[in-house]
1. Can you name the strands (runs of 3 or more DSSP E) wholly within segment B:71-155 that have at least 1 residues being facing chain A (nearest Cβ under 7 Å) and without any contact (Cβ under 8 Å) to a residue 40 or more places away in the chain?
2. Failed condition for B:Asp137, given (1) of a type outside the set (S, T, N, Q); (2) within 19 Å of the chain's Cα centre (by Cα); (3) open to solvent by 30 Å² or more (accessible area, probe 1.4 Å), with all others met?
3. Name the residues in segment A:25-53 that are within 15 Å of DNA strand D (Cβ to nearest atom) and either assigned to a loop (DSSP other than H, G, I, E, B) or in contact with a Pro (Cβ under 9 Å, 6 or more places away or on another chain) (or both), would you?
4. Pairs please, first residue from segment A:22-36 and in the same structural domain as A:Ala47 (by TED's automatic domain parsing), second anywhere and among the aromatic types (Phe, Trp, Tyr) and open to solvent by 10 Å² or more (accessible area, probe 1.4 Å), Cβ atoms under 6 Å, 6+ apart in sequence or on different chains.
5. Name the residue that is nearest to the other protein chains (Cβ to nearest Cβ), counting only residues in segment B:47-70 that are touching a residue at least 24 places away in the same chain (Cβ under 8 Å) and within 12 Å of DNA strand C (Cβ to nearest atom).
6. Which one of these does A:Gly63 not meet: (1) at positive phi; (2) within 16 Å of DNA strand D (Cβ to nearest atom)?
7. With the structure loaded, tell me whether A:Leu103 is hydrophobic (A, V, I, L, M, F, W, C) and away from DNA strand D (no atom under 16 Å from the Cβ) or whether it fails that test.
8. For A:Asn44, all conditions in the list (1) surrounded by fewer than 18 Cβ atoms within 10 Å (Cβ to Cβ); (2) more than 9 Å from DNA strand C (Cβ to nearest atom) hold save one; what is the number of the exception?
2 protein chains.
Amino acid sequence: MAATKDPRPCSIADTLALVGEKYSLLVLREVCLGNGRFDQLVRNIGAPRDVLATRLRRLVDAGILTKRVYSERPQRFEYRPTAAGLELEPLLMILKEWGDRHLRADDRPMVVEHACGHELVPLVTCAACGEEVRHEDLTAHPQSPGWTVSGPVAA
Amino acid sequence: MAATKDPRPCSIADTLALVGEKYSLLVLREVCLGNGRFDQLVRNIGAPRDVLATRLRRLVDAGILTKRVYSERPQRFEYRPTAAGLELEPLLMILKEWGDRHLRADDRPMVVEHACGHELVPLVTCAACGEEVRHEDLTAHPQSPGWTVSGPVAA
DNA sequence: CGCCGTCAGTTGGAAATTCAAACCCTCGCC
DNA sequence: GGCGAGGGTTTGAATTTCCAACTGACGGCG
């Protein structure tokens, strides 16, 4: 799990170090759906119980989930997303949208409805101008020397 | 890698099966930055060469990357994102934004500029109404029986 | 009380992956 | 001929994953 050499310093990599392991984002999915109990997670995700236990510890440590007691005697727990965890939900929506479009043929296993009454189609926009983000409109500026980018990728 | 039992059918899981393995999204990052050559990828990502080779094959098979010859004699290759690959770039922006906000203290290693002249702050919005997506505004509707959701997660 | 069932994990050992370094092959260049 | 770059593959050891079984604290039932 240690970094091999010294790769590009990057917040994407840092975030993935927390939520990029197998099953972690599926845990977040279930927890966002309100299915936060251990056995529900095992069933809905299909992960081995030990791996799941490890992931849950990590996500709680990272401040993405909290472990709450929903019943003393018998003691029973439930995992819920923190505010920081909920901020990752858009990630799930984009993964879902991509999968629906590219991997499925009109048999979407889940439909998400937005409060406005329409089915949610998530769009990533620029907070400053409101435009949808397109690759050609982006320019990356590395802040540390030595970590260059090779310019825009033309079609 | 086989699914343990039969977990919830889900496009999020399907998409993660393609891009959720270790390093895959970092490959996409580099390729979107224009650093598509094998040795660049090894250096910038810090992945073992063999694992990287495996990931690249998988991403090409999935239609997320293409392998192009940029020089015959000596034969040299370069990986580039396909249209489908570029559609995953917003994912990277959200991971970056989350990491910048939660994992860093004003030492962002990369700044992305949008064509509008401002630094990019990605926002996920509803295509129908334009509003920013908030957890409380979403309702999930599973399409297959047996895969319930336990209702909204209150604060 | 004795037994069964649920929930939330832990344990143990075999199987699959990852890691790191070394190696290979094709070329261009001097 | 030797060196170096680019783009991988091979090898063997170190980690992780997987799976099934087990634990332990209860609650309920007869």
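The values are calculated or read from the model by the stated rules, or taken from the named source; none is laboratory data. The shown structure was predicted, so the numbers you read here are calculated from the model rather than taken from an experiment. Note: ideal-geometry Cβ built from the backbone for every residue, glycine included; neighbour counts use all protein chains shown. Ligands, DNA and RNA are stripped out before the accessible areas are found, and what is left, the full protein with its side chains, is counted by its heavy atoms. Shrake-Rupley method; radii C 1.70, N 1.55, O 1.52, S 1.80 Å.
1. Numbers: elements: B:76-81, B:110-114, B:122-126, B:138-142.
Strands (runs of 3 or more DSSP E) meeting the threshold: B:110-114, B:122-126, B:138-142.
2. (2)
3. Initially, segment A:25-53 is screened for residues within 15 Å of DNA strand D (Cβ to nearest atom), giving A:25-27, A:37-39, A:41-53.
Residues satisfying the conditions are A:Leu26, A:Arg37, A:Val42, A:Arg43, A:Asn44, A:Ile45, A:Gly46, A:Ala47, A:Pro48.
4. A:Val31/A:Tyr79; A:Gly36/A:Tyr79
5. B:Ala47
6. With respect to (1) at positive phi; (2) within 16 Å of DNA strand D (Cβ to nearest atom), A:Gly63 is out only on (2).
7. Numbers: hydrophobic (A, V, I, L, M, F, W, C): yes; away from DNA strand D (no atom under 16 Å from the Cβ): yes.
Against the criterion (hydrophobic (A, V, I, L, M, F, W, C) and away from DNA strand D (no atom under 16 Å from the Cβ)), A:Leu103 qualifies.
8. Result: A:Asn44 passes all but (1).
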